[in-house]
1. Which whole-Hz ³J(HN,Hα) couplings does the stretch 69-83 yield from phi under the Karplus relation 6.51 cos²θ - 1.76 cosθ + 1.60, θ = phi - 60°, glycine and proline marked x?
2. Lysine pairs in the stretch 3-76 8 or more apart or on different chains: how many have alpha carbons under 28 angstrom apart?
3. What do you reckon, how do 68, 24 stack up by accessible area (1.4 Å probe), largest on top?
4. Calculate what fraction, in whole %, of the accessible area of the chain sits on carbon and sulfur atoms when a 1.4 Å probe is rolled over the protein chains.
5. So for 65, 6, what's the accessible-area order with a 1.4 Å probe, most first?
6. For the chain, what does the accessible surface come to per residue with a 1.4 Å probe? Please give it in Å².
7. Once you order the gyration tensor axes a ≥ b ≥ c over the Cα atoms, which shape class does the chain get: rounded for a/c under 1.5, otherwise prolate or oblate by comparing a/b with b/c?
8. Once amide H atoms are built 1.01 Å from N in the peptide plane, which residues 5 or more positions from residue 75, or in another chain, come under 5 Å H to H?
Amino acid sequence: MKWEDVRQAFPEKWVLIEAVQAHTDDKSERVLEEISLLKNFSKSSDAMKAYQKIHQENPERELYVLHTSRKEPNIIEKKWVGVRK
């Protein structure tokens, strides 16, 4: 599924998506070539709760919560510097 398909199917909704096929371009932007829609929501808080639950169980999955009003996902990858515990 493409981002435009999700936007058309669920206008003005919060969606929880998973990147099926993605890469990072030279501007550190995450390019989502293929995504899977996990669920749609009316409220961002509900979407974030669902994200947290799935992320706790499977932290290796690439999940995003986005609003379908965005024309493009525009996900910027940030590099972490320092020690993580």
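1. Once θ is set to phi - 60°, the couplings for the stretch 69-83 become 6, 6, 6, 10, x, 6, 9, 9, 7, 10, 8, 8, 10, x, 9 Hz.
2. Taking the Cα cut-off of 28 Å, the pair count is 14.
3. In descending accessible area the options line up as 24, 68.
4. In the chain, the share of accessible area belonging to carbon and sulfur is 49 percent.
5. From most accessible down to least: 65, 6.
6. Normalised by residue count, the accessible surface of the chain is 73 Å².
7. The shape class here is oblate.
8. For residue 75, whose amide H was placed from the backbone, the distant partners under 5 Å are 30.
The values are calculated or read from the model by the stated rules, or taken from the named source; none is laboratory data. All of these numbers come straight from a predicted model, not from anything done at the bench. Note: ideal-geometry Cβ built from the backbone for every residue, glycine included; neighbour counts use all protein chains shown. Heavy atoms of the whole protein, side chains included, go into the accessibility calculation; ligands, DNA and RNA do not. Shrake-Rupley method; radii C 1.70, N 1.55, O 1.52, S 1.80 Å.
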